[in-house]
Amino acid sequence: MPLTVVKYGTPVLRQKGARIETITPAIKKLAADMMETMYSYKGVGLAAQQVGVAIQMAVIDVRGVTDRPSSIEQKGQPADLNGLMPLVLINPEVKPVGQPATGPEGCLSFPEIYADITRPEVVDVKALTLEKKPVEFRCGGLLARVVQHELDHLNGILFIDRMDKKTKEELRSELDALMAETKAALKR
């Protein structure tokens with residue numbers, strides 16, 4: 001069932017997620033609901049905080065994006081991106097290995113707000129799957145950007161925190177309006 005994506009100004013977006021120690025039926029259901037939510041909002045990634053749950057879990061699927069390529073390797077060999085998607089990452093750890101690259105980002109918690117963000121172009125990822133199996137891969141391009149964006153969410157960091165000062169100032173009125181709208185909705 002699609003869930004509601006919380007907007008900028010909702011306190012849970014600033015919370016560091018708790019580690020998941022046991023993969024329960026409730027965690028599996030949440031992952032499935034998050035996947036459905038991500039697809040219904042036409043996103044490529046979604047962190048648990050964005051649906052109001054402060055835990056270390058994110059879902060990702062970049063298969064539908066053709067204009068921003070992704071790469072993925074497992075054990076030093078190119079892997080089949082389509083065969084690994086969609087991804088559910090539990091307790092992920094990310095290590096930057098590439099040079100910084102600047103590219104466009106948006107966020108489902110910030111509707112219609114986009115900015116160029118600089119992040120490492122390639123990262124190594126370690127996580128658990130829903131089947132409690134460790135997964136490790138190196139990724140680049142859009143997938144690396146999405147993994148880092150979602151990992152930030154899991155640690156209470158938002159993409160506006162990664163914007164340069166000038167960009168954030170240019171977006172100030174939109175960000176303030178979104179924050180005010182969210183706070184008003186939370187009071188209701």
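The values are calculated or read from the model by the stated rules, or taken from the named source; none is laboratory data. Computed from a predicted structure; not experimentally measured. Backbone-built Cβ (ideal geometry, glycine too); neighbour counts: all protein chains shown.
Gln50 passes all but one of (1) surrounded by fewer than 20 Cβ atoms within 10 Å (Cβ to Cβ); (2) modelled with pLDDT of 95 or more; which number fails?
(1)
Right, Asp61: acidic (Asp, Glu), surrounded by fewer than 17 Cβ atoms within 10 Å (Cβ to Cβ) and in contact with a strand residue (DSSP E or B) (Cβ under 8 Å, 6 or more places away or on another chain) or not?
no
Quick check on my filter: what residues within the range 116-137 are touching a Gly at 6+ places or on another chain (Cβ under 8 Å) and under 12 Å from Lys95 (Cβ atoms)?
Correct list: Pro120, Val122, Val123.
Does the range 71-107 hold any residues that are out of contact with any Cys (no Cβ under 8 Å at 6 or more places or on another chain), at negative phi and among the polar types (S, T, N, Q), and which are they?
Of everything in the range 71-107, those that are out of contact with any Cys (no Cβ under 8 Å at 6 or more places or on another chain), at negative phi and among the polar types (S, T, N, Q) turn out to be Gln74, Gln77, Asn82, Gln99, Thr102.
Identify, from the list Val94, Val62, Val53, the residue that is part of a strand (DSSP E or B) and among the aliphatic types (A, V, I, L, M).
So the residue among Val94, Val62, Val53 that is part of a strand (DSSP E or B) and among the aliphatic types (A, V, I, L, M) is Val94.
Can you find a residue that is of a type in the set (Asp, Glu), in contact (Cβ under 8 Å) with a residue 24 or more places away in the chain, over 21 Å from Asn155 (Cβ atoms) and surrounded by 13 or more Cβ atoms within 10 Å (Cβ to Cβ) anywhere in the range 70-86?
Yes, there is a match, as at least one residue in the range 70-86 is of a type in the set (Asp, Glu), in contact (Cβ under 8 Å) with a residue 24 or more places away in the chain, over 21 Å from Asn155 (Cβ atoms) and surrounded by 13 or more Cβ atoms within 10 Å (Cβ to Cβ).
Read through the list (1) within 21 Å of Met35 (Cα to Cα); (2) of a type in the set (Asp, Glu); (3) part of a helix (DSSP H, G or I), then give the number of the only condition that Asp161 fails.
Condition (1) is where Asp161 drops out.
Can you find a residue in the range 30-41 that is in a loop (DSSP other than H, G, I, E, B) and at pLDDT 95 or above?
Yes - at least one qualifying residue is present in the range 30-41.
Please state which one of Thr167, Thr129 is polar (S, T, N, Q), under 20 Å from Asp80 (Cβ atoms) and touching a strand residue (DSSP E or B) at 6+ places or on another chain (Cβ under 7 Å).
When all the criteria are applied, what remains is Thr129.
Within the range 3-42, how many residues are surrounded by fewer than 19 Cβ atoms within 10 Å (Cβ to Cβ), in contact with a helix residue (DSSP H, G or I) (Cβ under 9 Å, 6 or more places away or on another chain) and within 15 Å of Pro86 (Cβ to Cβ)?
Of the residues in the range 3-42, 1 are surrounded by fewer than 19 Cβ atoms within 10 Å (Cβ to Cβ), in contact with a helix residue (DSSP H, G or I) (Cβ under 9 Å, 6 or more places away or on another chain) and within 15 Å of Pro86 (Cβ to Cβ).
Hey, can you tell me all the residues within the range 161-188 that are surrounded by 15 or more Cβ atoms within 10 Å (Cβ to Cβ), over 19 Å from Val51 (Cβ atoms) and aliphatic (A, V, I, L, M)?
Met163, Leu171, Leu175
I need the full set of residues from the range 111-148 which are among the aromatic types (Phe, Trp, Tyr) and farther than 27 Å from Thr10 by Cβ, in order please.
Across the range 111-148, the qualifying residue is only Phe137.
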